[in-house]
Structures are given as C-alpha cells and as structure tokens.
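Asks: One structure follows; several queries about it will come next.
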Amino acid sequence: MPRTLLIIDQIDTLVATTAIAAESVQSALLSLRKLVDATVLTFSADDALIHTQNTRLERQHASLVLAHAHAARTVVSLRCLDSGPAPDVSGVMRISSHRRNPLDGHDQVPLPPDAEYLYHVAADGSVTVFERGT
C-alpha cells in the first residue's frame, strides 16, 4: 500500500503574511497530519526569529515553530558558522531525533542517531555535505 507524505514548505509564511493566527495554522496542520503517514515541514527558524519576541507576530511565529519542533520525531536544522565565514564551509547541519516516551506508541520506530555535518554552498549553487575533519 502506498504511503502518503505531506510536504509543506515555509508554512510560517501564512502567519507573517495573513491574519491567520499560529493556533489556527497548528490546528489545520494537526488535522492534515491525521490523514497522512508522514509530514515534512520547513520553517524560518533562525535565532533572531525565535528568541526576539517583542511583537505579536514574533510571538506567533515562535509559537508555531517551537510547537512543531517539540512534536517532531526528527528535526533538521541549518545554521551559519558561529566563527564567521570560511572559504570551504558555509554552515552546520544538525539532525536531532527526539526520543519518545514508550507509552506514546512510537517506541518501535527506529530513529537515526543525532548527528552534525558541515556543508558548503558553491558559487554554482551545488551543495556538498561532509563530516567534520574530512
């Protein structure tokens, strides 16, 4: 039987560009997730958007992103280098798997180990992902 995968790119744009509240987006996503086998969501979640919550929009955005990050089985995040630009490294990709409670019914699902990789985006748009020290 085919499995259904729902992919939604930049769902947080709805909160930023419309009058739709984060709670409404979360509710709609929960309803959609019940109809599919797996969901892939992308968010703009850089440090400034999550930690600086001075306006209603910033609070709504942080609420949406953090709620889904906590509910996710696996989170893949990309960030620039903390140490500044480097000619051969653009940033860090981190993969985090959330360990579930055995009582939630997902304890039999294998999860990838947490990992961190470096990536480089070349001038032609190609991307290379590699382990530290290689």
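The values are calculated or read from the model by the stated rules, or taken from the named source; none is laboratory data. Being a predicted model, the structure only gives us computed values, none of them experimental. Reconstructed Cβ throughout: ideal geometry from the backbone, glycine too, with neighbour counts over all protein chains shown.
Asks: If I go through region 19-42 residue by residue, how many of them are modelled with pLDDT under 90, surrounded by 12 or more Cβ atoms within 10 Å (Cβ to Cβ) and not in a helix (DSSP H, G or I)?
Replies: Number satisfying all stated conditions: 2.
Asks: When residue 132 is evaluated against the numbered criteria (1) at pLDDT 80 or above; (2) closer than 24 Å to residue 8 by Cα; (3) basic (Lys, Arg), which criterion, by number, is the only one it fails?
Replies: With (1) at pLDDT 80 or above; (2) closer than 24 Å to residue 8 by Cα; (3) basic (Lys, Arg) applied to residue 132, the lone miss is (2).
Asks: Among the residues of region 112-134, how many are surrounded by 10 or more Cβ atoms within 10 Å (Cβ to Cβ) and within 23 Å of residue 73 (Cβ to Cβ)?
Replies: Result for region 112-134: 6.
Asks: For residues in region 78-110 being basic (Lys, Arg) and at pLDDT below 75, which is surrounded by the most Cβ atoms within 10 Å (Cβ to Cβ)?
Replies: Looking at the filtered set, the residue picked out is 100.
Asks: Find the residue count for region 43-60, including only residues that are charged (D, E, K, R), under 14 Å from the mean Cα position of the chain (by Cα) and surrounded by 11 or more Cβ atoms within 10 Å (Cβ to Cβ).
Replies: Here the count works out to 1.
Asks: Kindly establish whether residue 65 is over 27 Å from residue 118 (Cβ atoms), of a type in the set (Val, Ile, Thr) and within 18 Å of the chain's Cα centre (by Cα).
Replies: When the stated conditions are applied, residue 65 does not pass them.
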